[in-house]
Amino acid sequence: MKLFSGNSNPQLAGRICEYLNIPMGLANVRRFADQEIFLEILENVRGEDVFVLQSTSFPANDHMMELLIMIDALRRSSAKRITAVLPYFGYARQDRKVGPRTPISAKLVANLITNAGADRVLTLDLHAAQIQGFFDIPTDNLFAVPVLARDVAKYHDTSNTTIVSPDVGGVVRARALAKRIDAPLAIVDKRRDQPGESEVMNIIGNVKGKECILVDDIIDSGGTLCNAAEALLDMGAISVAAYITHGVLSNNASVRVANSKLTELVITDSIQPTREIEQVVNIRVLSIAELVGEAIRRTANEKSVSSLFD
Ligand code: R5P
């Protein structure tokens, strides 16, 4: 097995190599003067089982092209099997036509990855599980929940904790964590009166006197999370923390979190945190290196990946 990494998340790639006890595959990624990507695989991969790690995070389009070009280079170098490992699968939020004349970008990206030459895909906490069906190649969607649940059990009094989904779409994900720590579930019913205008927040479930933990797949602007935290505190929650798999944290989102009423935001390293994010006192980063590394090992050894979550 060989693991190559694009430029999106070298720290995670390094940790995974350490876990697997293998050296990082040697590749050279450079730019032409006009920023086109030039890539060379610097070692023999003929007949090898190759994994390419790349989160399609900011700058999403550059990282996406890098991934596609790396897969193409590996295919043309006669790798036996290529698995695209996307700890964060960008463009997943456009997974259906939200209005007339809009794209389904998640499907387009799935086609691009497949046509570049990937034989398999390994990803984590897809925005919507059915995106797996956009691929006609085997796709494993890992869940960060075991990693998150261990941390919740370590740092929170689970006997007085309520797990909260910040919107109806995230209920399945939140319920999975609630089940693992044997806690009740509440749901924020987020509605917009008009696009881009005031949000009406109703809370379904009992949060009064509870330590609430919001669970979601993505924090981007931070709006969903910070608004939900305020609504929960207004309804009598004693504290609100959040566990979010993918810390997209665009623009000033980390400042927004720093100034929010959240006691803590815990994200994973599916997206490499910037130095700015690392410096925010109420943001903590958990590593999913062992989880992804073990899934890679099992894929290479043709062993069950789903049993990781039993
Ligand atoms: C939406 O369905 C997602 O699960 C997240 O809730 C959303 O992407 C978060 O975005 P933001 O942080 O910009 O509110």
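Each reported figure results from applying straightforward, stated rules to the coordinates on display, with no laboratory input. Bear in mind the structure is a predicted one, so any value in this text is a computation, not a measurement. Here the Cβ positions follow ideal geometry from the backbone for every residue, glycine too, while neighbour counts run over all protein chains shown.
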- [ ] Take every Cα pair under 8 Å in the chain that's 6+ residues apart, average their separations, divide by the length, and report that relative contact order as a whole percent.
- [x] 14
Task: region 160-259: GluC sites (Glu not before Pro) falling in loop per DSSP and having at most 16 other Cβ within 10 Å - done: Glu197
- [ ] Would you grab the residues whose amide H sits under 5 Å from the one on Val164? Only those 5+ places off in sequence or on another chain, please, with H modelled 1.01 Å from N.
- [x] Ala186, Ile213, Leu214, Val215
Open item on the list: With bins 5 Å wide starting at 0, give me the P(r) of region 25-176 over every alpha carbon pair, in whole percents.
Closed with: 2, 8, 15, 18, 16, 14, 10, 7, 6, 3, 1, 0
- [ ] Convert each backbone phi in region 140-149 into a coupling constant with the Karplus relation 6.51 cos²θ - 1.76 cosθ + 1.60 (shift: θ = phi - 60°), then list the ³J(HN,Hα) values in order as whole Hz, x for Gly and Pro.
- [x] 9, 9, 7, 10, 6, 3, x, 5, 5, 4
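Identify the chymotrypsin sites (Phe, Trp or Tyr not before Pro) of region 27-66 meeting these criteria: DSSP loop state and at most 13 other C-beta atoms within 10 Å of the C-beta. All intermediate terms of the calculation are to be shown ahead of the outcome.
Working: sites: Phe32, Phe38, Phe51; in loops: Phe32.
Here the sparse-neighbourhood loop sites are Phe32.
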Open item on the list: I want to check the label-to-label distance for Phe32 and Ser77. Put each point 7 Å from Cα in the C-beta direction and report it in nm to one decimal.
Closed with: 2.1
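For region 222-280, which trypsin sites (Lys or Arg not before Pro) are both in a DSSP coil and crowded by at most 16 other Cβ atoms within 10 Å?
Details: sites: Arg256, Lys261, Arg275; in loops: Lys261.
Those satisfying the criteria are Lys261.
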- [ ] Please find the FRET efficiency linking Asn251 to Ser105, where r is the Cβ-Cβ separation and R0 is fixed at 22 Å, and quote it to the nearest 0.05.
- [x] 0.60
Open item on the list: In region 243-264, whose amide N lies under 19 Å from the spot 7 Å out along Cα-to-Cβ of Asn227? List them in ranges.
Closed with: 243-244, 248-262
TODO: Principal axes first, then extents: for the Cα atoms of region 145-287, list largest minus smallest coordinate on each axis, whole Å, largest first.
DONE: 39, 37, 24
- [ ] Estimate the FRET efficiency between Glu18 and Asp234 by the formula 1/(1 + (r/R0)^6), using the beta-carbon distance for r and 51 Å for R0, to the nearest 0.05.
- [x] 0.70
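At 222 nm, what helix-only mean residue ellipticity would the chain give, in deg cm²/dmol to the nearest 500, using -39500 (n - 2.57) for each DSSP H run of four or more? Don't skip to the answer; put the middle values down first.
On the way: 9 runs with 96 residues, N = 310.
The per-residue figure over the chain is -9500 deg cm²/dmol.
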Task: Extension gain, Glu302 back to Glu40 (0.36 nm per residue minus Cα-Cα distance, nm) - done: 91.5 nm
Task: Sequence-distant residues sharing a close amide H with Val85 (under 5 Å, placed H) - done: Val52, Leu53, Gln54, Leu122
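Once you've got the Cα coordinates, tell me which of Lys154/Lys190; Lys208/Lys261; Lys107/Lys261 are over 26 Å apart. Numbers along the way, then the final one.
On the way: Lys154/Lys190 30 Å; Lys208/Lys261 16 Å; Lys107/Lys261 37 Å.
Exceeds cut-off: Lys154/Lys190; Lys107/Lys261.
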Task: For region 202-274 versus region 121-172, the gap between their alpha-carbon centres in whole angstrom - done: 15
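If contacts are Cα pairs under 8 angstrom and at least 6 residues apart, what is the relative contact order of region 145-287 in percent?
Details: 291 pairs, mean separation 26.0, N = 143.
Reported relative contact order: 18 percent.
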